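Down below is the structure, laid out as structure tokens.
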Amino acid sequence: MLSILRELIARRGLLATLTARDLKARYRGSVLGFLWSLANPLLLLAVYTFVFGVVFRQRALTQPYSLFLLCGLFPWVWFATALTEGTVALVANSALLRRAVFPVELLPMVAVLANLLHFLLALPVLAVALLAGRLLGYPVGGWSALALPVVILLQLVMTGGLALGLAALHVHFKDVKDLLANLLALLFFLTPILYPLAAIELPALTYVVRVSPMTPFALGYQELLFHGRLPGPWLWAQMLGVAAVAWLAGAGLFARLRETLVEAA
Amino acid sequence: MSEAPAIRIEAATKLFRRQAPGRHFRTLKSALLEGSLVGRATEEETITALRDVSFEVARGEAFGIVGSNGSGKSTLLKLLAGILRPTRGRVLVDGRVAALIELGAGFHPEISGRENVFINGALLGLSRREIERRYEQIVDFSGLADFMEEPVKNYSSGMYVRLGFAVAIHTDPEILLVDEVLAVGDESFAHRCLRRIEELLAAGRTVLFVSHSLALVEGLCDRVAWLEGGTLRAVGEPRRVVDAYRQAVAEAESAEHQRSKEEREAAEAAPAEAAAPAEVLRWGSGAAEITAVRLLDEVGAERYHFASGEAVTIEISAVAREPLSDFVFGVAIATPRGVECWGTNTDLEGYEPGSFSGPATVRVRCPALRLGAGEYQLDVAVHARSGSPYDYRRKLVAFTITTPRAGVGVYAPEREWRFAGEVVWRRRPEP
């Protein structure tokens, strides 16, 4: 697992090149280019704001609702698209795997990094939104946002680990991709993104949302950006714990299956 | 050799797991438990691509690998390149490898040739600065200077391979693995590649060369390995190994001819099954019939593969259904594409017919049949002197001629080269 990390760091030049290739190829010939990566989350934002903020009148602790939503939504989109693309990365590039000699772990990581870049490029939108909220007199944002890189790094480790594990499994089981798509749809609602954790009144249910590996991260982003305060030590511990477990499990599975990947992909 | 070899393969075996539907769980289980796809798979679940292959390649050597399709050549190269790992045994490669296997892997169709050079170079282990330094040479070598800003999807397949080759060969490899790539580019590009390979050899680099062009392998390589069905049949001096391989191919073809001849005879014995053939291969009045044709060698053994210049006897068995006084026996040899090589008949050769009234055997012996290398087909006929056929049989027998050295055309005369004056050869063929 550490060896995978070492390999990724040693080949960071190639990792960057492949990520750039991915992004260039994706936006070649499109007029709006990467702005499209903003379109989907903003559209979701509009829909959810309408449904939950206007129709269902979600209120407690979450004014303004769309700002609250935004803090959890962007990281989720990164998480979900990175896993979706990372899972198929090996199978989609099987021709490359069989012809060139290079560390295969780069491919799922390219998907994670390309989508991280999208997330980072979306951050200015978030910043402007928070600033606007502040000017309107809401107590959002603040210096706590400086801790954002740490949360992002932890989410990177968590997402990277899961992407590696899922990509390796998908080589052997083509069902993984479809399973993941359904699971992600489910997890989205289990993760406190549309609603604050405090809105769950039944204590038993607060444990159910812990099923989602994104839960501590969504809470972390909300603390830093929406509430303008640093997460408590317990929340940090959860993020760290989930990231560590996801990396160890995912990268461990990948390392176990590595020898079989080129042939089976 | 005091120096450590560039490549050493010790009893390398490579198994592939058969893709069996509904076996995913077992495959995954063995992958998870043993870190291998074939760990405890049974014999029927695997395909053996290579079996106990061992050899060494010295530094600076040009090493060729020949063998028919599916003999394991490409698997072997992939083991050497490090793309695949042996199931058993060891593969030791000492030095930076460039594998010219399915070139242009990793080219992204949507982005430009220039950007793809950088990506491909990075995949092959070059840093950005190294690629920048060599970029001009790469473009020069590929001859694609005008197309570098075009997306690669607009390239022809030849251009694609040229760019891939140009990048790979400029990685400054210590060991170059070449898999049948020269067949793709045009002639001038193939020459440029060969020149570059020769330069690398002259600079003391090691080249491993897989090709179906036996002449090229003989000309370029210091030693040759012959793979058949995943096992190493021979390693050694190019002429000897390539000839052994040629011989085996010719024997297999000879067996093929024999089989198709038997099938044809069997089919004729059961004419009901012979549905209208695309090509008429037999016609005539039936007054006489050719019942069998065989090719015999010097000692009278039936054979369908000969070295050029060997004695060949064409033996025709025929039977007259009615007494005939006007008859001619004829033979003709043509290539499968219809080029007439030689033909004659008893009339042309001055035999005046007397009578033919029952079974008979006609033999034509050529003490030295000097055809060029290739496949040939034999037509045999018995007809009247007017040309009106009793039984005319086209493409009745197929046979193969081999020559020790490649040449062009249907004729291979006995020959010797003599030189005088200011002409020097670095190497002459061994007698």
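The values are calculated or read from the model by the stated rules, or taken from the named source; none is laboratory data. This structure is a prediction, so every number in the text was calculated from the model and none was measured. Here the Cβ positions follow ideal geometry from the backbone for every residue, glycine too, while neighbour counts run over all protein chains shown. These area figures cover heavy atoms from the full protein model, side chains too; ligands, DNA and RNA do not enter into them. Shrake-Rupley method; radii C 1.70, N 1.55, O 1.52, S 1.80 Å.
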(Q) So the check is Cβ under 6 Å with 6+ separation or different chains; which pairs have a first residue in the stretch A:240-264 that's facing chain B (nearest Cβ under 9 Å) and a second one that's of a type in the set (S, T, N, Q) and open to solvent by less than 40 Å² (accessible area, probe 1.4 Å)? (A) A:GLU259/B:SER36
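Suppose we filter B:ARG8, B:ARG26 for residues that are at pLDDT 85 or above and either acidic (Asp, Glu) or open to solvent by 50 Å² or more (accessible area, probe 1.4 Å) (or both); which single one remains? Spell out how you get there, then give the answer.
Working: B:ARG26 fails: at pLDDT 85 or above.
Answer to the selection: B:ARG8.
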Q: Report, by residue number, each residue of the stretch A:244-261 that is open to solvent by less than 20 Å² (accessible area, probe 1.4 Å), of a type in the set (A, V, I, L, M) and under 22 Å from B:LEU79 (Cβ atoms).
A: A:LEU257, A:LEU261
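Those residues that are at negative phi, open to solvent by 10 Å² or more (accessible area, probe 1.4 Å) and not charged (D, E, K, R), I need them from the stretch B:227-237; list them, please. Steps first, answer last, please.
Of all residues in the stretch B:227-237, those at negative phi come to B:227-228, B:231-235, B:237.
Then drop every residue that is not open to solvent by 10 Å² or more (accessible area, probe 1.4 Å), which leaves B:228, B:231-235, B:237.
Scanning the stretch B:227-237 gives B:THR231, B:LEU232, B:ALA234, B:VAL235.
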Q) If only one of B:GLU289, B:GLU340, B:GLU310 is at pLDDT below 90 and open to solvent by 20 Å² or more (accessible area, probe 1.4 Å), which one is it? A) B:GLU340
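With respect to A:ARG26, is the statement that it is within 30 Å of B:LEU126 (Cα to Cα), within 14 Å of chain B (Cβ to nearest Cβ) and modelled with pLDDT under 85 true? Talk me through it step by step, then tell me what you get.
Details: within 30 Å of B:LEU126 (Cα to Cα): yes; within 14 Å of chain B (Cβ to nearest Cβ): yes; modelled with pLDDT under 85: yes.
The answer is yes for A:ARG26.
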Q. Could you list, in sequence order, the residues of the stretch B:105-118 that are surrounded by fewer than 21 Cβ atoms within 10 Å (Cβ to Cβ) and either in contact (Cβ under 8 Å) with a residue 60 or more places away in the chain or of a type in the set (S, T, N, Q) (or both)?
A. B:SER112
Q.
Condition check: within 30 Å of B:SER54 (Cβ to Cβ), in contact with an Asp or Glu (Cβ under 7 Å, 6 or more places away or on another chain), hydroxyl-bearing (Ser, Thr, Tyr) and open to solvent by less than 30 Å² (accessible area, probe 1.4 Å). Does B:THR206 satisfy that?
A. yes
Q) Looking at A:VAL31, A:VAL77, which is the one that is more than 14 Å from every other protein chain (Cβ to nearest Cβ), out of contact with any Phe, Trp or Tyr (no Cβ under 8 Å at 6 or more places or on another chain) and not hydroxyl-bearing (Ser, Thr, Tyr)? A) A:VAL31
Q: List every residue pair whose Cβ atoms lie under 6 Å apart, where the two residues are 6 or more positions apart in sequence or sit on different chains, the first residue falls within the stretch B:230-244 and is hydroxyl-bearing (Ser, Thr, Tyr), and the second residue, located anywhere, is open to solvent by 50 Å² or more (accessible area, probe 1.4 Å).
A: B:THR231/B:ARG51
Q: Pull up the stretch A:10-67, narrow it to residues that are over 24 Å from A:VAL140 (Cα atoms) and of a type in the set (Lys, Arg), then point me to the one that is surrounded by the fewest Cβ atoms within 10 Å (Cβ to Cβ).
A: A:ARG12
Q: State the number of residues belonging to the stretch A:188-222 that are among the hydrophobic types (A, V, I, L, M, F, W, C), open to solvent by 20 Å² or more (accessible area, probe 1.4 Å) and closer than 22 Å to A:ALA246 by Cα.
A: 5
Q.
So, B:GLY204, is that one modelled with pLDDT of 80 or more, part of a loop (DSSP other than H, G, I, E, B) and more than 21 Å from A:LEU97 (Cβ to Cβ) or not?
A. yes
Q | Top-ranked residue of the stretch A:68-103 - restricted to ones that are of a type in the set (Gly, Ala, Ser) and more than 22 Å from B:LEU77 (Cα to Cα), ranked as surrounded by the fewest Cβ atoms within 10 Å (Cβ to Cβ) | A | A:ALA92
Q: Would you please name the residue that is modelled with the lowest pLDDT, looking only at residues in the stretch A:228-258 that are touching an Asp or Glu at 6+ places or on another chain (Cβ under 9 Å) and outside any loop (DSSP other than H, G, I, E, B)?
A: A:ARG258
**Q.** Hits in the stretch B:207-242 (condition: in contact with a Leu (Cβ under 9 Å, 6 or more places away or on another chain) and either of a type in the set (Lys, Arg) or assigned to a helix (DSSP H, G or I) (or both))
**A.** B:LEU216, B:LEU220, B:ARG233, B:PRO238, B:VAL242
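If we keep just the residues of the stretch B:209-220 that are open to solvent by 10 Å² or more (accessible area, probe 1.4 Å) and of a type outside the set (S, T, N, Q), which is nearest to B:GLU174 (Cα to Cα)?
In the first step, residues of the stretch B:209-220 are kept if they are open to solvent by 10 Å² or more (accessible area, probe 1.4 Å); the result is B:212-216, B:218-220.
Among the residues that remain, those that are also of a type outside the set (S, T, N, Q) are: B:212, B:214-216, B:218-220.
Details: B:HIS212: 24, B:LEU214: 24, B:ALA215: 25, B:LEU216: 21, B:GLU218: 22, B:GLY219: 21, B:LEU220: 17 Å.
So, considering only residues that are open to solvent by 10 Å² or more (accessible area, probe 1.4 Å) and of a type outside the set (S, T, N, Q), the one nearest to B:GLU174 (Cα to Cα) is B:LEU220.
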**Q.** Output for the stretch A:1-15, where each listed residue is more than 9 Å from every other protein chain (Cβ to nearest Cβ) and farther than 16 Å from A:ALA89 by Cβ
**A.** A:MET1, A:LEU2, A:SER3, A:LEU5, A:ARG6, A:ILE9, A:ALA10, A:ARG12
